[in-house]
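Structure first, commentary second.
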């Protein structure tokens, strides 16, 4: 009888130890998850801060950066897709050919950071413009008293999902190649504050952000900026205001 009671007591002790060990492991796992999440959030904040410094030139260094698309850090979902809310493609992180979470950068987020750094002037020369996210950035800049000018191909005025009408209604100056219908206005470049040039194959569309293999070069090289600014000013003078073309 005493032996039976002893074994019963021993079993209860073992159960208690097992329960305590499981509780410790669960708590440790939870604490580790919280710690990793906090570390990831700090890394994201630091990356954003560095991007902002690069975008605004706060680090006083020359900028020569290439961005490549599609941007795999965004969910391909109309409800979730927003330049303010990047959604990580978690399922792609399991792909052995995909970068891990710590090395993933959002080229679109970097583009947005540069555009949002504009202080005085924003000259946009773009062929196709259907991205409402990028249109919102231009309207935000306009509200901050930034001088925004847009040159666009004349066919874009009536294109499906074109943002041009919305931008014109906002009061932003827009010109196009109406009197040169035999030539496409196929340029794709942006000049920020006459100090930063963005150029490449990238149209301002959701497809360019999420689906197409496109590229952008961001540079502060003065000689290049002067050449692009001269071309922009020439086209601006050459093309009639869009308001007169409609």
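FYI, it's all coordinate maths here, none of it is from the lab. Quick caveat, the model's predicted, so the values are computed rather than measured. Note that each Cβ is placed from the backbone with ideal geometry, even for glycine, and that neighbours are counted across all protein chains shown.
Quick look at the values:
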quantity	calculated
Spacing of the two label points (7 Å from each Cα toward its C-beta) at residue 64 and residue 147, in nm	3.0
Listed peptides 149-155, 130-136 by packing density, highest first (mean Cβ within 10 Å)	149-155, 130-136
In nm, spacing of pseudo-spin labels at residue 155 and residue 183 (7 Å Cα→C-beta vector)	1.6
Taking 174, 18 and counting other C-beta atoms within 10 Å, the order from fewest to most	18, 174
